[in-house]
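First comes the structure, then the notes that go with it.
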Amino acid sequence: MMSHDLTRGEGPWPWLAAGSVALSLLMLGALLVLLAGRGLGHFWPAPVALVELENGRWLAGEAVKEARLPGAEGSGTRGRERLYRTANRDLDDGIWTWVALETIADVGYPDELVVLERRRWGDFIGRLMAVERDGRPLGEGKSAWTVLQARLVELEVLRDEQARLRRKTIMPLAARLATGPDAEASRDLARANAQLRELRAEMGRDRLVLESADGRRLEQPLVEVVRAWRPNAMSPVEKLAAWGQGVWRFLAEGPRAANTAGGVWPAIFGTVLMVLLMSVLVTPFGVLAAIYLNEVAHQGRFTRLVRIAVRNLAGVPSIVYGVFGLGVFVHGIGGSLDAWFFEEALPSPTFGTGGLLWASLTLALLTLPVVIVATEEGLARIPDQQREGALALGATRLEMLTRVVLPMATPAMLTGLILAVARAAGEVAPLMLVGVAKLAPQVPVDGDFPFLHLERKFMHLGYHIFDTAFHGGDVQAALPLVYATALLLVLVILVLNLTAIFLRHHLKVRHGALPRV
Amino acid sequence: MSVLVQPRSTGSGPIIDFHREASCLEIEDLSLAYGDKPALRGLTLRVPRHRVTAFIGPSGCGKSTLLRALNRLHDLNEEVSHEGKVLLEGRDIHDPEVAVAELRRRVGMVFQVPNPFPMSIYDNVAFGLRLLGGMRRRQMDDVVEWALTSAALWHEVKDRLRASAWSLSGGQQQRLVIARTLAVRPEVLLLDEPASALDPISTLKIEELIRNLKSQLTLVLVTHNMQQAARVSDYTAFLQEGELVEYGPTDTLFTNPRLRRTENYITGRMA
């Protein structure tokens, strides 16, 4: 390898080349920093300001950004306004408030301001006045916060119990009853449902009395509160813990409020499962095709033509594959499967609609050229002496292929798979035609036979980004989640690729590098 | 076939009468062409059993082509067509009843560039045995040790049989390839310029190995190093432009060639 000294007189081209590399790296870094900053910052408990306006009104909220008033002149605070996230959708119309800086009389950060994450109406920002049980106060004033925290922990326990009861008792019983009448099962089911009602009643006993910054009162059933924190009273360590908890919930929970809140677990699961399924489908096809082209077929005009066609397939826009998948897999094959095997379910389709299997197949088709080309290059790199060596020892052509050629070409196949995964995991357009869903809280794998439900629709991180960013009611509120989801998508692809790279490295170490010829 | 006298000597002592040697391979009027380009034109020669026979000649004379015809390695290339016969122990190797894999086991081959497989030293030697199958672990260990010993490599690798074959030096790799071939007990060993990619010391080791191996099997060597042919072979065939020019005991061919063309070539006066 020659190394070029940039300072020596070689003209401007080394600088140009080095400059492009630097620029690419910079843009890549900026992309990740933007995604991480905007996305992960969302989970950090921001300080909540209590703002007194000159007209005597009060409001409480997190400062989001500042902007110049349209048409305004001047400097300093003149002509600028600030956006507060004041939440409380149930009290006000929206959750955002623009305030002109000139009209602000005072800004404070009192400890007692609480933020509640709720299942309905979004967050609440204001003061906690009391916690009541069955109408009698459990704690008021300062003690209310301590009581609330204790109640939230107990609520979490009750929720777990409820979920366990549903999963372990009610669902199996319901499945048993679905197969036919069963006196014992229906008795058990009735008992379980009664238990469930008891739990629900227990959870519904507590109410919070809240007051917004401008003094309006609100009664809030505790059961709808997911999380509560007092950002102004938190130490950095507590904030970090709250941040970690927020990130974890984002990763582990399902979406709420039409994908504008909650987590993305079903989407992560759907993305990874679809990519794995696609890999399982595309690898054998691609490898066999490459073997045929490189090892079996007569090398002539026809194979050259096929090669050119395969390479060009890699350039076909992905939506075209989506249309193909819709026409052939979903309507063609899926429709026929429904007509043959799922007639009793018609007219509601089983396989005749988009689903995990059809999406994986479509993406497998999309990435097939990549795998073929990479594998073929790997096969072509194997010196003929290796093949002849095996044949000269009395190996048949099949034995030569399976024992010498394919093991040597495995790293190349994995390279193809890495490229395929990278392409497939990021595709959204074809998926919209063949099986992705806006909301599919049931992941396609569960305890019911046959465990892997290939006909189910699934969620996908890429589509989730698209849906959250453009189809939610409040784009501003959902934007941090869009960034966080985008970062997650990058990380998922990274992890999938690193797995394959690790595997490839492991194989290379086992077999050693190819000998130089 | 002329099995008249078993060879009396296997060393490089005085050569006994060429015409009384038992044949292992008999090539009868063999012609071979790549597409419409002829490479061999009507060759006839006998390769005596348990002797080292060398094919020499200028580049492109067809000596490697001839060698590869002896274990049907040309089958891989669709463009190659042939006429004539090659008899191995009296049986035509192109007979449709001959299984080509079985033939190649009986006629082993070592190539110019060492080509160990990307596996451990042990697995390389055991490769052919595993293809045959039906061998116990202990038995296989013994054969591997025997083959490596025969190839004069055992003492260098016995402590690292699990190491990658590609970690060996070029000379060691070539001896490993010979051991790998010996492990399936071939009757004939074809060597296609086995030392041309090696350093002088490794070359000497390979040559010594060739001389030692002829007590076990018949060797055919292609080389363009005439000193090498003179050092290790019992018989030498000189080929030019796909034709057999002269064939006879090595001593005679090098000291007293019958034809002018042969003399010119071995004395380096080739035009």
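A helix-only calculation puts chain B at -9500 deg cm²/dmol for mean residue ellipticity at 222 nm, using -39500 (n - 2.57) for each DSSP H run of at least four residues, averaged over all residues. Evaluated with a Cβ-only charge set (Lys, Arg +1; Asp, Glu -1), the protein assembly as shown carries a dipole of roughly 1120 debye about its Cα centre, given to the nearest 20.
Taking amide H as placed 1.01 Å from N in the peptide plane, the amide H of residue A:460 sits under 5 Å from that of A:437, each at least 5 places away or on another chain. Going by neighbour counts of Cβ atoms within 10 Å, the residues A:234, A:432 line up, fewest first, as A:234, A:432.
Once every DSSP H run of n ≥ 4 in chain A is given -39500 (n - 2.57) and the sum is divided by its residues, what mean residue ellipticity at 222 nm do you get, rounded to the nearest 500 deg cm²/dmol? Intermediate results must be reported in sequence, preceding the final value.
Details: 16 runs with 266 residues, N = 517.
Result for chain A: -17000 deg cm²/dmol, rounded to the nearest 500.
Considering only A:24, A:391, A:103, and ranking their Cα positions along the charge dipole of the protein assembly as shown that arises from unit charges at the beta-carbon of Lys, Arg, Asp and Glu, the one farthest toward the positive end is A:391. Angle between the Cα long axis of helix B:170-183 and the longest principal axis of chain B, 0 to 90 degrees, nearest 10? That works out to roughly 90 degrees. Within straight-line reach of residue A:239, meaning a Cα separation under 19 Å, sit the following aspartates and glutamates at least 8 residues removed in sequence or on another chain: A:62, A:111, A:112, A:117, A:123.
When B:159, A:467, B:199 are arranged by Cβ crowding within 10 Å, least crowded first, meaning fewest neighbours, the order is B:159, B:199, A:467. Please find, in a Gaussian network model of chain B (springs between Cα atoms separated by less than 10 Å), the residue of B:160, B:41, B:51 whose mean-square fluctuation is greatest. It is B:160. Restricting the stretch B:174-271 to trypsin sites (Lys or Arg not before Pro) that sit in a DSSP loop and have at most 13 other Cβ atoms within 10 Å of their own Cβ leaves B:258, B:269. Helix A:236-252 sits at what angle to the longest principal axis of chain A, using alpha carbons and giving 0 to 90 degrees rounded to 10? Taking Cα atoms only, the helix is inclined about 50 degrees. Counting only aspartates and glutamates at least 8 places from residue A:65 when in the same chain, those with an alpha carbon closer than 14 Å to its own are A:81. Straight-line cross-link reach from residue B:158 at under 16 Å between alpha-carbon atoms covers these aspartates and glutamates, not counting any fewer than eight positions away in the same chain: B:123, B:141, B:142, B:145. Think of each Lys and Arg Cβ as +1 and each Asp and Glu Cβ as -1; about the Cα centre, that makes the dipole of the stretch B:23-266 roughly 740 debye.
Legend: ranking of residues B:146, A:98 from fewest to most surrounding C-beta atoms inside 10 Å; resulting order A:98, B:146.
Throughout, read-outs are computed from the coordinates displayed, never taken from laboratory work. Quantities reported herein were computed from a predicted structural model and do not represent experimental measurements. Positions of Cβ are backbone-derived with ideal geometry, glycine not excepted, and every protein chain shown enters the neighbour counts.
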